[in-house]
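Below is one structure; the comments refer to it alone.
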Amino acid sequence: MGSPDGELSILLTDDAGIETINRAYFNRPRPTNVISFSMMEGEFSDVNPESSMLGDIVISVETAVREAKEAGVPEWERIAELLVHGLLHIVGYDHESPDADSAAMEARSARLMEILDSEGLLDDSAA
């Protein structure tokens with residue numbers, strides 16, 4: 001993805017915590033599953049051009065657990081999916097804007113999940 005030495009800040013929180021962030025930054029008064037803040041583009045991209053910080057990802061574990069149960073997948077797998085989703089947003093993928101390439105984002109997400117699985121990182125016994 002072009003940043004082999006890139007760093008992420010990851011916050012695992014509950015629905016109340018992510019709702020506070022969602023309200024403060026996006027004026028959305030509800031919890032969500034994942035929020036990402038890119039340091040690669042946008043308002044703060046030029047704060048420290050020498051930094052390897054890619055951005056911040058916030059995941060509601062409470063929502064992730066609920067979604068995992070609904071989908072019949074392990075909780076760690078759902079959290080990994082949300083982490084990948086947030087990372088893709090940080091590096092510029094989009095699925096929300098009118099000109100978004102949702103298919104490209106979904107394909108990249110599927111490929112990254114395959115890599116994590118092939119490395120054994122989605123195995124419940126590794127958690």
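The values are calculated or read from the model by the stated rules, or taken from the named source; none is laboratory data. Because the structure is a prediction, the values reported are computed rather than measured. Ideal geometry is used to build each Cβ from the backbone, glycine not excepted, and the neighbour counts take in all protein chains shown.
See the values below:
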read-out	value
Criterion (at pLDDT 90 or above and part of a loop (DSSP other than H, G, I, E, B)) met by exactly one of R28, R78	R28
Selection count, the stretch 66-75, where residues are over 20 Å from D117 (Cβ atoms) and either modelled with pLDDT under 95 or not basic (K, R) (or both)	1
The listed residue being surrounded by 12 or more Cβ atoms within 10 Å (Cβ to Cβ) and modelled with pLDDT under 90, out of G55, G42, G92, G86	G92
In the stretch 83-114, the residues that are within 18 Å of V58 (Cα to Cα), out of contact with any helix residue (DSSP H, G or I) (no Cβ under 6 Å at 6 or more places or on another chain) and of a type in the set (A, V, I, L, M, F, W, C)	L83, L87, I90, V91
